[in-house]
Amino acid sequence: MIANLVTATRSSGAPLTADSKHLLDVDSLSPEQIQTLGSRAIEFRQLRASQPFKSDSLRGGSIYTLFFENSTRTRVSFEHAGKALGADVINIAASTSSVNKGESLLNTVLTLDAMGIDALIVRHPHSGAPHFIARHVNAVVINAGDGAHGHPTQALLDVLTLQDHLGNLKGAKLALIGDILHSRVARSDIIAFRKMGVEIAIAGPPTLLPEGWTPGPNSLGIPGTEVTVHETVEDAVRDADAIMCLRLQLERQTSGLLPDVNEYSRVWGINAERLALASPGAPVMHPGPMNEGLEVSTDIAHGDLSLVENQVENGLVMRMAVLEHFCAPTREIA
Ligand code: ASP
């Protein structure tokens with residue numbers, strides 16, 4: 001367990017308060033806290049750039065990642081982040097655990113918690129699974145994606161990436177394109193970007209929009225999550241300061257919602273012509289994994305205006321900031 005943690009000095013940012021022990025979604029974070037985590041992530045980025053970075057701020061701590069769904073970026077960056085901060089990190093893939101012998105989610109997490117771990121990073125196909133786990137374990141629970149519900153660290157890194165690029169986010173217009181209904185990234189991004197004062201323009205197949213959403217103003221039903229739905233992708237991206245493409249969540253879609261993926265690319269895909277409608281220099285983001293040629297054309301995905309790799313780098317340093325904050329809450333944060 002983490003004890004007598006070494007204090008790493010923070011040169012900027014408002015103090016974080018441990019309002020919530022867990023990070024289950026971004027709605028528990030204030031704009032100031034999002035900003036503070038972003039400032040800390042930038043410090044980590046600078047430290048990593050100037051020297052091989054290793055801190056011992058989580059020395060003696062143990063972090064388990066428990067993934068019931070596939071992942072490359074999120075799982076690896078959490079592991080890398082935990083190790084960079086000096087913690088022991090153990091990865092558990094549900095597919096190779098006793099879950100395969102029929103062990104329940106509750107008994108699985110109670111077993112892990114009994115090892116005396118500090119944090120459990122959880123990804124699960126069912127919305128609310130991390131919230132359920134958080135009610136039963138002593139460890140800090142960090143949601144690494146639950147069903148179509150939330151992906152808080154993705155939203156934090158997306159905010160950081162766009163802020164890096166645009167400077168000020170207040171009043172900026174972000175076009176969010178694609179499968180809004182099944183995307184936990186869409187939901188967490190809407191909450192986080194709206195908190196930071198970003199206007200959000202939505203476009204996607206009507207069958208892949210939340211129930212009841214029609215062209216015009218809509219919201220997630222949470223105060224402060226107002227968005228504008230457009231009938232066409234052209235209308236949504238026109239004069240946008242940035243475009244976020246979303247992956248088609250084919251694994252979460254019931255049949256018939258999307259008759260033809262090629263038709264999707266023709267009608268909703270981001271390509272050079274559509275990008276030209278956005279503000280000059282507007283960047284394109286994608287949380288990954290990309291279905292290249294479907295949600296975004298290859299030239300744009302790897303072009304000068306793509307921030308996809310910046311998102312990956314920021315994913316690592318943001319997860320360092322998150323782990324440092326949530327796994328060492330007793331530590332003095334200057
Ligand atoms: N990697 C992100 C997630 O786990 C985005 C995606 O899979 O579409 O939600």
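Can we say Ile177 is touching a Gly at 6+ places or on another chain (Cβ under 8 Å) and within 21 Å of Glu292 (Cα to Cα)?
yes
Give all pairs with beta carbons closer than 6 Å in which a residue from the range 99-114 that is within 14 Å of His126 (Cβ to Cβ) meets a residue that is part of a helix (DSSP H, G or I) and of a type in the set (A, V, I, L, M); count only pairs at least 6 apart in sequence or on separate chains.
Final answer for the pair search is Thr108/Val99; Val109/Ile133.
Quick check: anything in the range 260-279 within 16 Å of the ligand (Cβ to nearest atom), closer than 30 Å to Ser57 by Cβ and in a loop (DSSP other than H, G, I, E, B)?
no
Go through (1) over 24 Å from Arg252 (Cβ atoms); (2) assigned to a loop (DSSP other than H, G, I, E, B); (3) touching a residue at least 12 places away in the same chain (Cβ under 8 Å) for Asn168 and report which single condition fails.
The failed condition is (3).
Out of Lys54, Lys83, I need the residue that is surrounded by fewer than 16 Cβ atoms within 10 Å (Cβ to Cβ) and under 30 Å from Leu106 (Cα atoms). Which one?
Of the residues listed, the single one that is surrounded by fewer than 16 Cβ atoms within 10 Å (Cβ to Cβ) and under 30 Å from Leu106 (Cα atoms) is Lys83.
Could you run through the range 217-253 and say how many residues are within 20 Å of Pro287 (Cα to Cα), outside any strand (DSSP E or B) and either within 16 Å of the ligand (Cβ to nearest atom) or of a type in the set (Lys, Arg) (or both)?
Total satisfying the criteria: 8.
Collect the residues in the range 237-280 that are buried (at least 20 other Cβ atoms within 10 Å of the Cβ) and hydrophobic (A, V, I, L, M, F, W, C), keeping them in residue-number order.
Val237, Ala240, Ala242, Ile243, Met244, Cys245, Leu246, Leu248, Trp268, Ile270, Leu275, Ala278 - these are the residues of the range 237-280 that are buried (at least 20 other Cβ atoms within 10 Å of the Cβ) and hydrophobic (A, V, I, L, M, F, W, C).
I need the full set of residues from the range 173-216 which are assigned to a loop (DSSP other than H, G, I, E, B), within 16 Å of the ligand (Cβ to nearest atom) and either within 19 Å of the chain's Cα centre (by Cα) or under 22 Å from Arg123 (Cβ atoms) (or both), in order please.
Gly178, Asp179, Ile180, Leu181, His182, Ser183
Quick note: the coordinates plus some simple rules give every number you see, no bench work behind them. These numbers were taken from a predicted model, which means no experiment stands behind them. Every residue, glycine among them, receives a Cβ derived from its backbone with ideal geometry; neighbour counts consider all protein chains shown.
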